Amino acid sequence: MGFLGSLLGIIGFGIGIPLGLLLGFLLFIYVEPGDVKEPISRPIHEFDTNSLLDILPEIPLWVKHPDYDRIDWLNKLLSDIWPYLDKAICDVIKSTAEPVFAEYIGKFKLKSVEFKNLSLGTIPPSIYGIKVHETNENELIFEPAVRWAGNPNITLVLKLLSLRITVQLVDVQLFAAPRIILKPLVPTFPCFASIAVSLMEKPHLDFGLNLLGGDVMAIPGVYQYVQDTIKKQVASLYLWPQTFEIPILDGSVGSTKKPVGILHVKVVRAIKLLKMDLLGASDPYVKLSLSGDKLPAKKTSIKMKNLNPEWNEDFKLTVKDPDSQVLQLHVYDWEKVGTHDKLGMQIVPLRLLTPHETKEFTLNLVKNTNPNDPHNKKWRGKLVVELTFKPFIDDSELFSGSLHGSRKREDMVGKGSEDVSLNRAGLLLVLLQGAEDVEGNHHNNPYAVVNFGGEQKKTKMIKKTRDPCWNEEFQFVLEEAPLKEKIRIEVMSRRTGFSFRRKESLGYVDINLNDVVHNGRINEKYNLINSRNGVLHVEIRWKEI
């Protein structure tokens, strides 16, 4: 019986499975369930807010905000020109980053930093909406909402001692809300002289960082630290009212903003600052700068363990647009180790000043410029400053063809060394346009060094060329006209790879500034000393206050 029962069980299993599958298939095909209903179609305007959010989790800004416009045509345009835009952006990144890399070569045993690969990939950013502001100024302002989940190929090679370290940036995601200002509008193509970019809120940036075969961002704690650091650094540089300005038209067109005066700032004192140290004190100092200015911020001295410090220190800042620029004042608590704590900040629009009149401001310090931030209601102390805006003498008055203007200029030239020029402060502007036929014995990576009044300023380095074009301007604020002084400009070359000589001189020139003061401007080409055929093209201007 046992054997017979097992045999019948096997036969029943073999027959039952096919019959069951066949019966199930026939039921599925020919029998319709009675509880299935046709879906109900409803117009979208009948849905409530929660239902809409479930259906459309990513609602574009042009749907949520009526002041944002839909611009599918611009996304199509970006998609078509992205391969060419990618190359142009990468060239800008490379030319901007290389001088920064060059500053670190030789430090920390670092021999070189180079781009192995630099491409933003094949996926262009998307614009989810754009808002245009109407103003009475000679400018165009718009705010796009940008999102980008790209596939860039950005690889850096660091040579550290004998090691070759490769760092790769992957899986980039960026969400940003920039404000883009095209100003000033001019009758010369492309009809605006510069692009000023600032961020209206902190950007969201997510990426991977491959180092030595592993993703550094996957290490616990590193991801959040890097995210916070990037947001703070980007916000400190580009969050409104800070701007990043990209010149489009050069100075020869006469359309870019030129310095119009000097802002004299006297940081007087602070009152009842926050206590940041364990012993109930702070070590405050002040950083000050003008919005839209690429120069490093100026700093006061540090007052140790003092909540009511007095500085009485004077600074001079170059003003380009008193109608739109603001003075930014940041008070910090100095720390011997680590980052310095921010005690507070405040801004002063320059349009509040009257030329040549000194005005004192007592400013309530806040955390940031957002008026809706509840942290700004907390007491952070006060800062007292004195401001004086001294505009330059208008060029049209100095070089006017009228009798009055000519006599004024002649009087200035005749009395210049005794009555006028020696007693006037001013601004010396040095524009290094480029050089020709400069040649080194070991390498040709030219950059220019300007030495004047104990200060030294450098242009960017341009690789592998004998005819560099820098088009960079430097400024020197002087207490009196430099009638008897000279300025030295030297063209140097620095190696980028292996070489026995790291730097070498390609020639120099010394320029007397007497003619610059009396004529207001020179624009000449000078034969370089200690150079076979090298020529330097430089423009120097003197602006009196």
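Here the range 263-323 and the range 183-247 have alpha carbon centers that stand 26 Å from each other. Taking each residue as 0.36 nm, the span from Lys76 to Asn138 lengthens on full extension beyond its C-alpha to C-alpha distance by 19.4 nm. Once the 1.4 Å probe is applied to the protein heavy atoms, the range 265-322 comes out at 52 Å² accessible per residue. In this structure, the amide hydrogen of Leu274, modeled 1.01 Å from its nitrogen in the peptide plane, lies closer than 5 angstrom to no residue at least 5 positions away or on a different chain. Of the GluC sites (Glu not before Pro) found in the range 314-373, the ones in coil according to DSSP and having at most 10 other Cβ atoms within 10 Å of their Cβ are Glu357. Taking amide H atoms as placed 1.01 Å from N in the peptide plane, the amide H of Gly121 lies under 5 Å from those of Asn153, each 5 or more residues away in sequence or on another chain.
Carbon and sulfur: what percent of the range 161-210's accessible surface (1.4 Å probe)? Here carbon and sulfur together make up 65 percent of the probe-accessible area.
The H on the amide N of Phe392, modeled in the peptide plane, is under 5 Å from the matching H of Gly261, Ile262, each at least 5 residues off or on a different chain. Ranking Phe115, Phe474 from most to least accessible surface, computed with a 1.4 Å probe over the protein chains only, gives Phe115, Phe474. The 3J(HN,Hα) values that the Karplus relation (6.51, -1.76, 1.60; θ = phi - 60°) gives for the range 462-473 are, in residue order, 10, 7, 6, 8, 9, 10, x, 10, 8, 6, 10, 10 Hz. Gly and Pro appear as x. Heavy-atom accessible surface of the range 136-228, averaged per residue, reaches 56 Å², computed with a 1.4 Å probe. Highest mean packing comes first when the peptides 190-197, 280-287 are listed by Cβ atoms within 10 Å, giving 280-287, 190-197.
The values are calculated or read from the model by the stated rules, or taken from the named source; none is laboratory data. Worth saying up front: this structure is predicted, and the values here are computed from it rather than measured. Because the Cβ atoms are built from the backbone with ideal geometry, glycine has one as well, and the counts that use them run over all protein chains shown. Heads up: the accessible areas ignore ligands, DNA and RNA and are worked out on the full protein's heavy atoms, side chains in. Shrake-Rupley method; radii C 1.70, N 1.55, O 1.52, S 1.80 Å.
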